[in-house]
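Report on the following structure.
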């Protein structure tokens, strides 16, 4: 019965999280067949994390699995429903945290690569006289591994339709990056309108991206010590709790109602402090521009 209650509490936590984070309704593990497509922001974030092919239902199943594991582990350690409930919510956040970390790494790699890629496009369209689409695809083939599938999809669209606006829309959807939006729109305007100032615009874009990249590197370097200390929010309290289980009647103390309440409050405070510290250390994200609500058909 205790295990059933812990699993029910974990699933309830999952339903609350998906209702707030994804806008899902109902008691199912994912949106119903008749529900509308997931919000643009959620899809964009999943693409940025390299999870563009992952369905929300699959991601929800992973969250539910981690919530159940967290509940089982907490119940095995502390022998109570309340700690299991809090641990279930904490466990459900692990896939989201991993997804956010992966998204951050991909965006950091893209920031590192874009100044060089834009400079290469500037060289190809200027000195070497390549057409704008050809220069874009040549640069994409030599770009970072994470960005190549989006460039390949855009190249296929160009070969099928020869419509550069549709090609740019496919590329922007696959990259889901603010710098890519600015570079793509600059190339699109130059391709459709023409003009001799493409080199100057690309040079200004390279300078802007380089300054932004250097500023972010400096900020993260200053935060290195604080980020290291943040890990103690998890390690030290959990280590002390585990040590308390093996000393004297520690397990019996945890099994008491007051001990159960203390464990639940402690786990909740660890989670709150971890999230709060992450928000304080978060660098501002750039906003995307000219985002289409629908992908090209």
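Residue 176 fulfils the conditions (1) on the phi > 0 side of the Ramachandran plot; (2) more than 24 Å from the chain's Cα centre (by Cα) except for a single criterion, (2).
For residue 130, the stated conditions do not hold, so it cannot be described as assigned to a helix (DSSP H, G or I) and touching a helix residue (DSSP H, G or I) at 6+ places or on another chain (Cβ under 9 Å).
Could you run through region 181-203 and say how many residues are at pLDDT below 80, part of a helix (DSSP H, G or I) and surrounded by fewer than 18 Cβ atoms within 10 Å (Cβ to Cβ)? The number of residues fulfilling the criteria is 1.
Between 92, 108, the distinction of being modelled with pLDDT of 75 or more and surrounded by fewer than 20 Cβ atoms within 10 Å (Cβ to Cβ) belongs to 108 only.
Residue count for region 205-217 under the criterion of being loosely packed, with under 14 Cβ neighbours inside 10 Å and at pLDDT 85 or above: the result is 4. Can you spot a residue in region 52-60 that is over 15 Å from the mean Cα position of the chain (by Cα), over 20 Å from residue 263 (Cα atoms), at pLDDT below 70 and part of a loop (DSSP other than H, G, I, E, B)? Checked region 52-60: no residue is over 15 Å from the mean Cα position of the chain (by Cα), over 20 Å from residue 263 (Cα atoms), at pLDDT below 70 and part of a loop (DSSP other than H, G, I, E, B).
The values are calculated or read from the model by the stated rules, or taken from the named source; none is laboratory data. These figures come from a predicted structure and were not determined experimentally. For neighbour counting, all protein chains shown are included, and Cβ atoms are generated from backbone atoms with ideal geometry for every residue, glycine included.
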